[in-house]
1. So if I check each of C60, C52, which one is touching a residue at least 40 places away in the same chain (Cβ under 8 Å), assigned by TED's automatic domain parsing to the domain that holds T125 and more than 15 Å from the ligand (Cβ to nearest atom)?
2. Identify all residues within region 283-312 that are touching a residue at least 40 places away in the same chain (Cβ under 8 Å), among the small types (G, A, S) and not in a helix (DSSP H, G or I); write none if there are none.
3. From the set of residues in region 352-371 that are out of contact with any helix residue (DSSP H, G or I) (no Cβ under 6 Å at 6 or more places or on another chain) and assigned to a helix (DSSP H, G or I), which is farthest from R10 (Cα to Cα)?
4. Could you list all residues from region 263-282 that are touching a Lys or Arg at 6+ places or on another chain (Cβ under 8 Å) and part of a helix (DSSP H, G or I)?
5. Answer yes if at least one residue in region 43-58 is of a type in the set (A, V, I, L, M) and over 22 Å from T89 (Cα atoms), and no otherwise.
6. Would you be able to tell me the number of residues in region 203-226 that are among the small types (G, A, S), buried (at least 19 other Cβ atoms within 10 Å of the Cβ) and under 20 Å from R35 (Cβ atoms)?
7. So which residues in region 246-273 are more than 24 Å from E192 (Cβ to Cβ) and either in contact with a Leu (Cβ under 9 Å, 6 or more places away or on another chain) or at pLDDT below 95 (or both), if there are any at all?
Amino acid sequence: MSDLLIPLNRPGIVGREQEYIGQALASDHRHGAGRFTQSCQKWLEQWLERECRVFLTQSCTSALEMAALLIDLKQGDEIIMPSYTFVSTANAFVLRGAVPVFVDIDPATQNIDPQCVERALTRRTRAIVAVHYGGIGCDMDYLCALASKHNLILIEDAAQALMARRAGRSLGSFGQMAAFSFHDSKNISCGEGGALVLNDPELVKRAEILWEKGTNRSQFLRKEADKYTWLDVGSSFLPSEVTAAFLLAQLERANEITTARQRVWSFYHDKFARFGEVANLPAPPSDCVVNGHIYYLVLPDRRLRDAFIEGMRTQRIMTPFHYVPLHSSPAGQRFGRAVGALSHTDAAGEGLVRMPLFPSISDREMEQVVERAITLLDGFKRGFAEPVYRRVKSQHA
Ligand SMILES: *Cc1c(COP(=O)(O)O)cnc(C)c1O
């Protein structure tokens, strides 16, 4: 047995990071909105393959905060979102006095269930947030139709979704707005970073002002305004050029990074396919291109999940669980409310584990992960009590 630790993630330096960061340091322009920022924005706009504007931000959290500012929320406005997500999905809107309304997910993907969204609509609903969990696209046809029918804003939390597609389109290109993350834990990273995508041209002018701390600085620099002044609310959302330089080097390798991750994802998916009766595996719809962000298993309950994590840890392999569902968190209960049963959310909260997945994982490491996991899953299968077995089956129905 190797005594090497196999982590969940090993963020890599993949291309010209050092060189570009060196160039940013050598220039006089190290604050935001310089040439590296513009190159990153252009890269993302091209990848999105539609008329849009991208603003780099310091994180996906700050991109979501900008989105919440842009929709001018009033106290008590409601935003429908999955409970199974990262806290920032909700926090950005709570900061503006809105109420996150938590709904259940589809057990095939862990993504928001559009029918649950429909049941949660009220007169106060203003927006829907679609989180593409693990880089598997939500049912955007359904959600776009629902949003337009009820005159709601559709925002994609695409933190995990760069390079993933659904129905032939890039994730992040469906909603009026989308937010990406370039945190170390994501596929393409610059330590901390994010981007806000505006697919609605009417939002662009105001977004530029909010992005520049509520000023017309951008217009002023383009000589479209004769005074540099305060016009609106805003904050400091821009990353420095040093960060953008780091990001550009990663974006340039986005295809290679994604291909490498997809290979690991498919390897796990093949090897775990025969364990569908002890674990709920991801089942992306056929029109999804998955970017290999997360490979997960949902085990039947917390006891087996903890046994799995511990069993992997004894071989120094990290397979952590993921979110505590927001509807059951202290702040989620204080600021939000849940609609419906959320049983699939609870199942993910209790049973989901993530496999080590990063481009530099070796074949030998992948084999070690699978070998150990299969030993544990086989054990669970043999000792499987009938009621637990039925519950897993019904998740697949
Ligand atoms: C990572 C993540 C975020 C936050 O991203 P940061 O860039 O760290 O702010 C938000 N939502 C989801 C779904 C995420 O996975």
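1. Working: C60 fails: more than 15 Å from the ligand (Cβ to nearest atom).
It is C52.
2. Residues of region 283-312 that are touching a residue at least 40 places away in the same chain (Cβ under 8 Å), as a first pass: 283-285, 287-302, 304-305, 307-309, 311-312.
This time we only want the ones that are among the small types (G, A, S), so: 283, 292, 307, 311.
The answer is A283, G292.
3. Out of the qualifying residues, it is E371.
4. Keep residues of region 263-282 that are touching a Lys or Arg at 6+ places or on another chain (Cβ under 8 Å), which gives 275, 277-278.
Within region 263-282, F275 is the sole residue that qualifies.
5. First pass over region 43-58, keeping only residues of a type in the set (A, V, I, L, M): 44, 48, 54, 56.
Restricting the remaining residues to those that are over 22 Å from T89 (Cα atoms) gives none.
Checking region 43-58: not a single residue is of a type in the set (A, V, I, L, M) and over 22 Å from T89 (Cα atoms).
6. From region 203-226, those among the small types (G, A, S) are 207, 214, 218, 225; that's our starting set.
Adding the requirement that they be buried (at least 19 other Cβ atoms within 10 Å of the Cβ) leaves 207.
From the residues that got through so far, the ones that are under 20 Å from R35 (Cβ atoms) too are none.
Looking only at that region, the number is 0.
7. Kept after step one, since they are more than 24 Å from E192 (Cβ to Cβ), are these residues of region 246-273: 259, 262-273.
Once the filter is applied, which keeps residues that are more than 24 Å from E192 (Cβ to Cβ) and either in contact with a Leu (Cβ under 9 Å, 6 or more places away or on another chain) or at pLDDT below 95 (or both), region 246-273 yields V264, W265, Y268, H269, F272, A273.
Here's the yes/no breakdown for (1) assigned to a loop (DSSP other than H, G, I, E, B); (2) within 16 Å of the ligand (Cβ to nearest atom); (3) surrounded by fewer than 19 Cβ atoms within 10 Å (Cβ to Cβ):
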{"site": "K42", "(1), (2), (3)": "no, no, yes"}
{"site": "L64", "(1), (2), (3)": "no, yes, no"}
{"site": "K74", "(1), (2), (3)": "yes, no, yes"}
{"site": "Y84", "(1), (2), (3)": "yes, yes, no"}
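The values are calculated or read from the model by the stated rules, or taken from the named source; none is laboratory data. Just so it is clear, the model here is predicted, and its values are computed rather than measured. Every residue, glycine as well, gets a Cβ built from its backbone with ideal geometry; the counts of neighbours run over all protein chains shown.
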